[in-house]
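Note sheet for the following structure.
The values are calculated or read from the model by the stated rules, or taken from the named source; none is laboratory data. Values in this document were obtained by computation on a predicted structure and should not be read as measured data. For neighbour counting, all protein chains shown are included, and Cβ atoms are generated from backbone atoms with ideal geometry for every residue, glycine included.
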Amino acid sequence: MNKALRKAVIAGNWKMNKTPSEAKALITELKPLVANADCDVVICVPYVDLQVALEETAGSNIHVGAENCHWAESGAFTGEVAAPMLKEMGVEYVVIGHSERRQYFGETDDTVRDRTRAALDNGLKVILCVGETLEQREKNITFETIAIQTKIALTGVSEAELDNVIIAYEPVWAIGTGKTATDEQANEVNHFIRTLIADLYSKEAADKFVVQYGGSMNAGNAEGLVAQEDIDGGLIGGASLKPADFAKIVEAASK
Ligand code: PGA
């Protein structure tokens, strides 16, 4: 397995934060701070902030993503947003299967698979989130949980399509809690995900496949995490709302 084959991706997940005017201010501050990044920089923002994010990042090295998309191309799904809508706007990435969607909005492994399918069919890049709860970790079923989530989500995804998929390993117990997985804990699961990709596809696919870590990653702990062999960047919640902190994480991933 060769880390040099992969470019790290640092993605902010703003969750339900920032109005359009606040988004504009944050991006204005962030742009110069990450201009020299030697990793991919993405901000995933609320739907209503997408337009301003696309305008403000135009001509910069910051890529824009949404935080979810529906599995249907269109239809009677009040309150939902479809992948072709995002694509037409110029959105590049979409987060799918975040644990908060699973926890609060009834997202299942099957709907995660269907949303992933729709995103790929519409030329979006998917940041697919997987992760165990504290209960699952304590019951020693972390790897089983990750395997089930990953295998179901990737059902029907071809090896060529994998170029447009990133997996973010996000232990649920570490999200927004200030409790980060240790470098070793995170790397162990990231490595497991890479071996799953090798089993499901090929060693070549696994070697170039980006696996992020997410869960209380911040300016202080990012360097140790992204230095791990199988951690190719991160999905950042809280710290992505603070430009200086997010920029430090980008810097750590650029080394
Ligand atoms: P956090 O969130 O960095 O605030 O823990 C990470 C995420 O949910 O993607």
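For the reader, a short list of remarks on this structure follows.
- Near pairs, Cβ below 8 angstrom, 6+ apart or cross-chain, from the stretch 135-150 (of a type in the set (D, E, K, R)) to any residue that is assigned to a helix (DSSP H, G or I): 137/173
- Subset of the stretch 160-171 [surrounded by 23 or more Cβ atoms within 10 Å (Cβ to Cβ) and either within 11 Å of the ligand (Cβ to nearest atom) or assigned to a helix (DSSP H, G or I) (or both)]: 168, 169, 170, 171
- Candidates in the stretch 211-246 are the residues that are away from the ligand (no atom under 14 Å from the Cβ) and surrounded by fewer than 23 Cβ atoms within 10 Å (Cβ to Cβ); of these, the one that is nearest to residue 28 (Cα to Cα) is 243.
- So residue 180, is it β-branched (Val, Ile, Thr), at pLDDT 95 or above and not in a helix (DSSP H, G or I): no
- The set of residues in the stretch 76-105 that are of a type outside the set (Asp, Glu), within 16 Å of the ligand (Cβ to nearest atom) and in a helix (DSSP H, G or I) comprises 99, 101, 102, 103, 104.
- Subset of the stretch 2-33 [under 28 Å from residue 194 (Cα atoms) and either at pLDDT 95 or above or surrounded by 14 or more Cβ atoms within 10 Å (Cβ to Cβ) (or both)]: 3, 6, 7, 8, 9, 10, 11, 12, 13, 14, 15
- The stretch 197-255 - residue that is among the basic types (Lys, Arg) and more than 26 Å from residue 150 (Cα to Cα) and, of those, farthest from the chain's Cα centre (by Cα): 255
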